[in-house]
Amino acid sequence: ERYVMKRINFKAVLVVVLFQQLLGFIWYSPALFGNPWLIARGKNPAFFVPTTYYWPFVFAAVSSFLFACVVSVALDRAKVKTFKKGVKVGGMLWSAFIFPVILTNYSFLGLSRELKLIDGGMLLISYAVGAGIIGAWKKK
């Protein structure tokens, strides 16, 4: 247990959590994919009122934290020490665990290709860059 905790680079984890939350905020803003995302969900952007319900944001931050902790341990064990190699590992994790789930679940739910691409694209960047940050960060 202590051995695993020593492998976690908590400074890099914090930066990744903040990066992923900021990415989501920007990605789903009206300036990027917010309106197409709402339309793909069957919502009218002109009448959409953002939620004041805070739990989705808490879950997003906790999910980012768990991802970053696990990736920190995995990259340390794999001796990944560069941003580029971290990005490759993050992309592989996304292609093995995230995109297949999105593809399957969204298909069974009858959700559109646009929604799959918008959500899948955000998560690809999130995972790849997040793992890249952890890979590049020199733990002291």
*Could you tell me which of the residues L103, L66, L93, L38 is closer than 17 Å to F19 by Cα and either open to solvent by less than 40 Å² (accessible area, probe 1.4 Å) or without any contact (Cβ under 8 Å) to a residue 40 or more places away in the chain (or both)?*
L66
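So, in the stretch 106-128, exactly how many residues are more than 21 Å from P36 (Cβ to Cβ) and surrounded by 18 or more Cβ atoms within 10 Å (Cβ to Cβ)?
Looking only at that region, the number is 2.
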_Please pick out the residue among G110, G120, G132 that is under 27 Å from K79 (Cα atoms) and modelled with pLDDT of 95 or more._
G132
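The values are calculated or read from the model by the stated rules, or taken from the named source; none is laboratory data. The structure displayed is predicted, hence computed values, not measured ones. All Cβ positions, even for glycine, are placed from backbone atoms using ideal geometry, and neighbour counts span all protein chains on display. Note: areas computed on protein heavy atoms with side chains; ligands, DNA, RNA excluded. Shrake-Rupley method; radii C 1.70, N 1.55, O 1.52, S 1.80 Å.
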